[in-house]
Amino acid sequence: MTTRQARRARIRIPGTIRTDDGSEHAATVLDLSQDGCRLQGGGDLAKGQGISLAIGTMAPVSAQVKWRYRENRGISFVRPLAKALVASLQDRDASGAIPEEAEAAS
């Protein structure tokens, strides 16, 4: 079993996935760390598939699907996110800066 290198922050932020064929899927970003996250939803993504992921209003980052279980996907970022960015996203989520209707749409 592989252990995580970075601690995950509990968040719930809408995200957008874009696949190599250009299709886009809404998802909810959960359990964010510098190295990856857990997604809920996001369409029919295969293990090992390369994607780009926009979290909230953040510019898309390159990532890869590491695992899938029912509607959940484990995502690994190609390049780790900055620690300050993860903290900022966690603070925005905790403060209610992400509208609930945006979450419901994902």
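Matching residues to (1) touching a helix residue (DSSP H, G or I) at 6+ places or on another chain (Cβ under 8 Å); (2) among the acidic types (Asp, Glu):
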residue: Gly42; (1), (2): no, no
residue: Leu45; (1), (2): no, no
residue: Gly50; (1), (2): no, no
residue: Gly56; (1), (2): yes, no
residue: Ala59; (1), (2): no, no
residue: Lys66; (1), (2): no, no
residue: Glu71; (1), (2): no, yes
residue: Phe77; (1), (2): no, no
Self-check item: Residues of segment 62-77 satisfying the condition of being farther than 13 Å from Gln49 by Cβ and of a type outside the set (S, T, N, Q)
Solution: Tyr69, Arg70, Glu71, Phe77
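Okay, residues lined up against (1) at pLDDT below 95; (2) outside any strand (DSSP E or B); (3) not basic (Lys, Arg):
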position	(1), (2), (3)
Ala59	yes, yes, yes
Ala63	no, no, yes
Lys66	no, no, no
Ser76	no, no, yes
Arg79	no, yes, no
Ala84	yes, yes, yes
Ser88	yes, yes, yes
Arg92	yes, yes, no
Ala97	yes, yes, yes
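The values are calculated or read from the model by the stated rules, or taken from the named source; none is laboratory data. What you see is a predicted model; the values in this text were computed from it and never measured. In this analysis, Cβ positions are derived from the backbone assuming ideal geometry, glycine residues included, and neighbour counts consider all displayed protein chains.
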